[in-house]
Each structure stands twice: as structure tokens, then as C-alpha cells.
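Take a look at the structure set out below.
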Amino acid sequence: MDHYRPMRFGRRLWVCPKEHAVDEAGAVVVSLDPGLAFGTGTHPTTALCLAWLDGAALDGKTVIDFGCGSGILAVAALKLGAARVLAVDHDPQAVLATRDNAARNAVDERLVVQHSDAFSPQPADLVVANILANVLIQLAPTIGDLVRPGGQLVMSGILAPQSADVIGAYAAHFAFKPAQTRDEWVLLEGTRTAG
């Protein structure tokens with residue numbers, strides 16, 4: 001906690017602990033303290049996703065945060081203009097952390113948080129999944145079906161040598177842009193094709 005300071009991702013998105021403030025015009029601030037669930041922005045995969053969200057056109061969009069951890073991506077998406085977010089995780093601690101962080105950031109009215117056992121999704125405009133590559137591959141049919149035709153899929157938690165296998169698991173229904181990298185980690189962005 002002593003080393004956790006405000007961090008900027010992209011042009012305007014900041015993540016900072018509650019005792020800190022960001023004094024910058026146009027800043028979008030997510031208040032978040034390190035907790036028991038994964039996701040504060042310090043890991044390269046979370047940083048890649050936050051920077052991507054900062055540059056995305058999210059106004060009015062529906063989003064699914066698959067494997068929400070702390071809820072940092074769900075909260076950031078809502079603060080950046082998403083209309084509604086469904087966050088899901090298999091870890092009960094992550095479900096609690098996401099609810100707490102959403103309430104702290106006053107976005108809980110537009111967020112639904114579910115344990116994976118009770119997950120009842122509708123296709124979304126954007127699905128963000130920052131989880132391990134082997135899980136992304138194993139759950140490709142499930143995760144892919146969460147994205148409406150023309151919608152976007154953003155995946156991280158992938159080491160660079162794993163990216164081809166992850167793309168291969170989704171290639172039948174998604175067209176991918178070139179990977180973004182940070183350290184040895186990769187973010188993949190795909191658009192769902194018709195059908």
C-alpha cells in the first residue's frame with residue numbers, strides 16, 4: 001500500500017488509492033485500493049486493458065468483464081461511458097471486491113456482478129477477458145458467443161508465445177488486429193464477424 005500511487009493509462013484514465021487525488025483537467029479517476037482480488041493496474045495485462053479502454057469509444061455500449069477480479073476493468077469501462085457492464089468471476093472474493101469497488105466509484109447502479117455459477121449473459125458490444133491463455137482457449141466457444149456480431153473482444157493474460165494459439169481458438173468468428181505488447185505480455189483485439 002505504501003508504494004501504490006496514482007497511475008495513468010492512456011490519455012485520461014487514472015487509477016488511484018482513495019487517499020490520493022488527481023488534479024488534471026479531463027481526468028477519469030477509478031478509486032481502487034489493492035485488495036484480495038487480482039487487478040490494480042500494476043500488472044502489464046491489466047495496464048494493457050486499461051489503456052485500451054481509455055482509447056475505445058464506449059459511450060452507450062454494453063460490456064462483459066469476463067473474469068473480473070477486482071472489477072477494475074468493469075469500473076473503468078463505466079467511468080469511460082459504457083452504459084452497462086456485466087462482471088463475472090468464479091472466485092467469490094472477486095465478486096465481493098467488484099461490488100465494493102463499483103460502490104466506491106458510484107457506478108454500481110449500472111453494474112451487474114455475478115458468480116460464474118449464476119452467469120446469465122446476453123451478447124454484448126464488448127467483452128473484456130483478462131485471464132490466462134489456457135482458460136481463454138478452453139472457453140473460446142463460451143466467450144466468443146458473448147460478443148454480438150460486429151462487437152469487439154479484448155483478451156489479455158497472454159504471454160507472447162501463446163498468442164497464436166489463442167487467436168487460433170477464435171479465428172473462425174473473429175478478425176484480429178495486430179497484438180499490443182507490454183513486457184512479455186500481449187493484448188489481442190478482435191471484431192466478431194457475421195455468423
Exercise. So, with +1 on the Cβ of K and R and -1 on the Cβ of D and E, and no other charges, what is the size of the charge dipole of the chain about its Cα centre, to the nearest 20 debye?
Worked result: 460 debye
Problem set entry | Estimated 222 nm signal from helices in the chain, with DSSP H stretches of n ≥ 4 weighted -39500 (n - 2.57), rounded to 500 | -7500 deg cm²/dmol
Problem set entry | Reach of Lys177 by Cα under 23 Å, taken over lysines that are not fewer than 8 positions away in the same chain | Lys61
Exercise. With each label point set 7 Å from Cα along the Cα-Cβ vector, what nm distance links Thr193 and Arg104?
Worked result: 4.3 nm
Problem set entry | Top of Thr142, Thr181, Thr62 by mean-square fluctuation, Gaussian network on the chain, Cα under 10 Å | Thr142
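Pairs of alpha-carbon atoms within less than 8 angstrom and 6+ residues apart define the contacts here; what relative contact order does region 133-176 have, in percent?
Relative contact order, region 133-176: 54 percent.
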For this session: At 7 Å along the Cα-to-beta-carbon direction for both Asp145 and His90, put a label point, then send me their distance in nm to one decimal.
Result: 1.7 nm
Exercise. Could you give the length gained on full extension between Val22 and Asp59, defined as 0.36 nm per residue of separation minus the Cα-Cα distance, in nm?
Worked result: 11.0 nm
Exercise. Aspartates and glutamates near Lys18 by alpha-carbon distance under 20 Å, same-chain residues fewer than 8 away left out - which ones?
Worked result: Asp2, Asp33, Asp100, Asp108
Seminar exercise, completed: Expected unfolding gain across Leu159-Asn134 under the 0.36 nm per residue rule, minus the alpha-carbon gap, is 7.9 nm
Problem set entry | Convex hull of Cα atoms in region 104-177, direction-averaged projection (nm²) | 6.2 nm²
For this session: Compute the convex hull volume of the Cα atoms of region 94-134, divide it by the residue count, and report the result per residue in Å³ as a whole number.
Result: 115 Å³
Seminar exercise, completed: Per the Cα gyration tensor, the chain corresponds to an equivalent ellipsoid with semi-axes, largest first in Å, of 25, 18, 16
Exercise. Whats the longest run of the chain with zero trypsin sites (Lys or Arg not before Pro) that are DSSP loop and have at most 14 other Cβ atoms within 10 Å?
Worked result: 19-195
For this session: Over all directions, average the projected area of the Cα convex hull of region 50-99 and note it in nm².
Result: 3.0 nm²
Problem set entry | Karplus-derived 3J(HN,Hα), 6.51/-1.76/1.60, for each residue of region 13-23, Hz, glycine and proline x | 7, 10, 10, 8, x, 5, 7, 10, 10, 10, 10
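Every read-out reported here was derived from the displayed coordinates using simple, explicitly stated rules and does not represent laboratory data. It should be emphasised that the depicted structure is a prediction, and the values quoted were computed from it without experimental measurement. A quick note on method: Cβ atoms are made from the backbone with ideal geometry, for glycine too, and the neighbour counts reach across all protein chains shown.
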